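Chemist: Dropping the structure in here first, questions after.
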Amino acid sequence: MNRSHPSMPQGPKTVGSIADPSLLDHPFSADECEIIEFRLDGLLRNLGQVRDTLIKLKSSQLQTLITARCTSEGGLAELTTDQRNQLIGGLSPLATFVDIELANLAEMATAAEQARTNGALVVASFHDFKKTPDTDFLRDKVKHALDLGADMVKIAVHHNSVEDMYRCATLMQEGHSIAISLMGMGSLAPVSRVLYSQLGSLLNYGYLGDKETAPGQWPASLLSQAIRASKPF
């Protein structure tokens, strides 16, 4: 973990997520989002264009994030560990952040080490698309990411009640030794994502184009406006 890394956000940022090849020609703008996420599992036939876009963005004020998920992680392609190691490791010299599922971080140590060597920050992510686990379980995920040397932990969980959101808000206020990105999915997702940004969630995901990449996402431009208009607690 490296909170002093020059690329580590010092406040909440909006991430615009793309998995559709047509969006590789999107007119990216910091007014819409500060970070562009490339879902490589949805862009496998366009890796050359992805590389070109990453190169172009590297000389801009925008930061970039790459991830490659298999279907069990909500991904768009069935990718082996070796394939994901190659995808993330190969493109990490051009990325600001790499996102690797926490459950696979140990076996994808090759990609994580390549990313660190290339100056990228490692985000260890956990997803639950059906529920919000109890607080102790989520605390364990935060500790696990810290123990594995991640620079940031990302937690995306489905909120089925206001109580779920309350517990996650409390978790954000406990104080942790690792940077956290937290978001809700489902019908409470929009309000939760703004709330968590106010509580210090650093990476806050919206979508570019006209199709969300996770249930309950805001359009990136609207999320960015809402975050900028909200005061931190």
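The values are calculated or read from the model by the stated rules, or taken from the named source; none is laboratory data. Just so we're clear, the structure is a prediction, and the values are computed from it rather than from any experiment. Positions of Cβ are generated from backbone atoms using ideal geometry, with glycine treated the same way; all protein chains shown enter the neighbour counts. SASA here: full protein model, heavy atoms, side chains in, ligands and nucleic acids out. Shrake-Rupley method; radii C 1.70, N 1.55, O 1.52, S 1.80 Å.
Chemist: With the requirement that a residue be assigned to a helix (DSSP H, G or I), farther than 18 Å from His5 by Cβ and open to solvent by 10 Å² or more (accessible area, probe 1.4 Å), what does region 92-105 give you?
Modeler: Within region 92-105, Ala103, Asn104 qualify.
Chemist: Going through region 199-233 one residue at a time, which ones are open to solvent by 20 Å² or more (accessible area, probe 1.4 Å), closer than 20 Å to Gly42 by Cβ and of a type in the set (Ser, Thr, Tyr)?
Modeler: Tyr207, Thr213
Chemist: Examine region 130-137 for a residue that is in contact with a strand residue (DSSP E or B) (Cβ under 6 Å, 6 or more places away or on another chain) and under 30 Å from Thr117 (Cα atoms), and state whether such a residue exists.
Modeler: Keep residues of region 130-137 that are in contact with a strand residue (DSSP E or B) (Cβ under 6 Å, 6 or more places away or on another chain), which gives 130-132.
Next, from what is left, pick out any that are under 30 Å from Thr117 (Cα atoms): none.
No, the conditions are met nowhere in region 130-137.
Chemist: Related question: Among the residues of region 1-51 satisfying the criterion of being among the acidic types (Asp, Glu) and modelled with pLDDT of 95 or more, which is most open to solvent (accessible area, probe 1.4 Å)?
Modeler: Quick first cut of region 1-51, residues among the acidic types (Asp, Glu) only: 20, 25, 31-32, 34, 37, 41.
Applying the additional criterion that residues be modelled with pLDDT of 95 or more yields 34, 37.
Numbers: Glu34: 43, Glu37: 6 Å².
Across region 1-51, the extreme among qualifying residues is Glu34.
Chemist: So which of Lys141, Lys130 is open to solvent by less than 60 Å² (accessible area, probe 1.4 Å) and basic (Lys, Arg)?
Modeler: Testing whether each residue is open to solvent by less than 60 Å² (accessible area, probe 1.4 Å) and basic (Lys, Arg) leaves just Lys141.
Chemist: What's the number of the only condition in (1) touching a residue at least 40 places away in the same chain (Cβ under 8 Å); (2) open to solvent by 70 Å² or more (accessible area, probe 1.4 Å) that Ser125 fails to meet?
Modeler: (2)
Chemist: If you don't mind, there's one more thing I want to ask. Could you give every pair whose Cβ atoms fall below 8 Å, whose first residue belongs to region 41-55 and is under 18 Å from Thr96 (Cβ atoms), and whose second residue is surrounded by 14 or more Cβ atoms within 10 Å (Cβ to Cβ) and among the polar types (S, T, N, Q), counting only separations of at least 6 or pairs across chains?
Modeler: Close Cβ pairs (under 8 Å, with a partner that is surrounded by 14 or more Cβ atoms within 10 Å (Cβ to Cβ) and among the polar types (S, T, N, Q)) amount to Leu54/Thr64.
Chemist: Looking at (1) touching a residue at least 40 places away in the same chain (Cβ under 8 Å); (2) open to solvent by 10 Å² or more (accessible area, probe 1.4 Å); (3) part of a helix (DSSP H, G or I), can you tell me which one Ile88 breaks?
Modeler: (2)
Chemist: A further question on this structure: What's the number of the only condition in (1) of a type in the set (A, V, I, L, M); (2) at pLDDT 95 or above; (3) open to solvent by 50 Å² or more (accessible area, probe 1.4 Å) that Leu54 fails to meet?
Modeler: Leu54 satisfies all of (1) of a type in the set (A, V, I, L, M); (2) at pLDDT 95 or above; (3) open to solvent by 50 Å² or more (accessible area, probe 1.4 Å) except (3).
Chemist: Quick one: count up the residues across region 157-198 that are open to solvent by 50 Å² or more (accessible area, probe 1.4 Å), under 21 Å from Leu146 (Cβ atoms) and of a type in the set (Ser, Thr, Tyr).
Modeler: The qualifying residues number 2.
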